Amino acid sequence: MVADTQTAGTDRGHAIALSIGLLAWIGSTANNALKTLQMARMLSTLSNMSDYQLAQIGISRSDIPEYAVKLMADD
């Protein structure tokens, strides 16, 4: 029996490429989920602050979403 090393190498390379692609997708999905969680926490924390506390950091209650986005972008 003769083994076709050319095909075996190609199949292995294809399997490795698929595995890397899957790992990249999992990493990207996990990163997006983490960012979503962080944004939700940021919005919750800012929303729970008093108007006085918000004024101390220079924002009003209506500025919370925009401010949270800015904070997340600085990370």
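A few notes on this one:
- Any chance Ser62 is open to solvent by less than 60 Å² (accessible area, probe 1.4 Å) and of a type in the set (Ser, Thr, Tyr): no
- Residue match in the range 43-58 (condition: within 14 Å of the chain's Cα centre (by Cα) and either in contact (Cβ under 8 Å) with a residue 60 or more places away in the chain or open to solvent by less than 60 Å² (accessible area, probe 1.4 Å) (or both)): no
The values are calculated or read from the model by the stated rules, or taken from the named source; none is laboratory data. These numbers were taken from a predicted model, which means no experiment stands behind them. When we count neighbours, we look across all protein chains shown, and the Cβ atoms used for this are built from the backbone with ideal geometry, even at glycine. Remember, those area values only see protein heavy atoms, side chains included, never the ligands or the DNA or RNA. Shrake-Rupley method; radii C 1.70, N 1.55, O 1.52, S 1.80 Å.
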